[in-house]
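Engineer: Got a structure here, written out as structure tokens. Questions coming.
The values are calculated or read from the model by the stated rules, or taken from the named source; none is laboratory data. These numbers were taken from a predicted model, which means no experiment stands behind them. We place every Cβ from the backbone using ideal geometry, glycine too, and count neighbours over all the protein chains shown.
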Amino acid sequence: MVVLNRTLYKLIILYCFVITCFTSTKSNTPIIEHGYIDRIHPAVILLDVSEKEWIVADEKMPEGSQEGMWVDVYVQAHEVLIINEEKTKKERNKMQKLQEKLKGK
């Protein structure tokens, strides 16, 4: 009975430790989200996942930013990090295929 109680206490302590580590790590994880540059001067960025709209001053935008590009956004700091060339190219290709498909009908 004593061994069972000790084992149970150890398991409870281990469980509490794991839960504490998991929740503290999760809350400190930066949220990076894709955003679409809808307009410039000032920049209007449409966030993909959270479905929000941000207005960002031109000087806070990455160099070379243009309408129609995708960017990576650090949500907690309300900061645009970089232009996401890969996502921009992928989405443009997807739109071109859709336009071609619609023209073919």
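Engineer: In region 54-78, how many residues are exposed (fewer than 11 other Cβ atoms within 10 Å of the Cβ) and acidic (Asp, Glu)?
Structural biologist: So the count comes out to 3.
Engineer: Tell me which residues, restricted to region 54-87, are under 14 Å from ASP38 (Cα atoms) and more than 15 Å from the chain's Cα centre (by Cα).
Structural biologist: Answer for region 54-87, where residues must be under 14 Å from ASP38 (Cα atoms) and more than 15 Å from the chain's Cα centre (by Cα): ILE55, VAL56, ALA57, ASP58, MET61, SER65, GLN66, GLU67, GLY68, MET69.
Engineer: For region 13-30, check the following and say yes or no: at least one residue is at pLDDT below 95 and in a strand (DSSP E or B).
Structural biologist: no
Engineer: Residues in region 83-94: is at least one surrounded by 10 or more Cβ atoms within 10 Å (Cβ to Cβ), assigned to a strand (DSSP E or B) and modelled with pLDDT under 95?
Structural biologist: Yes, region 83-94 has at least one match.
Let's see how each residue does on (1) assigned to a loop (DSSP other than H, G, I, E, B); (2) in contact with a Ser or Thr (Cβ under 6 Å, 6 or more places away or on another chain); (3) more than 17 Å from GLU91 (Cβ to Cβ); (4) free of Cβ contacts under 8 Å to residues at least 40 places away in the same chain:
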{"residue": "GLY35", "(1), (2), (3), (4)": "no, no, no, no"}
{"residue": "ASP38", "(1), (2), (3), (4)": "no, no, no, yes"}
{"residue": "LEU46", "(1), (2), (3), (4)": "no, no, no, yes"}
{"residue": "GLU51", "(1), (2), (3), (4)": "yes, no, no, yes"}
{"residue": "TRP54", "(1), (2), (3), (4)": "no, no, yes, yes"}
{"residue": "GLU63", "(1), (2), (3), (4)": "yes, no, yes, yes"}
{"residue": "GLY68", "(1), (2), (3), (4)": "yes, no, no, yes"}
{"residue": "VAL73", "(1), (2), (3), (4)": "no, no, no, no"}
{"residue": "GLN76", "(1), (2), (3), (4)": "yes, no, yes, no"}
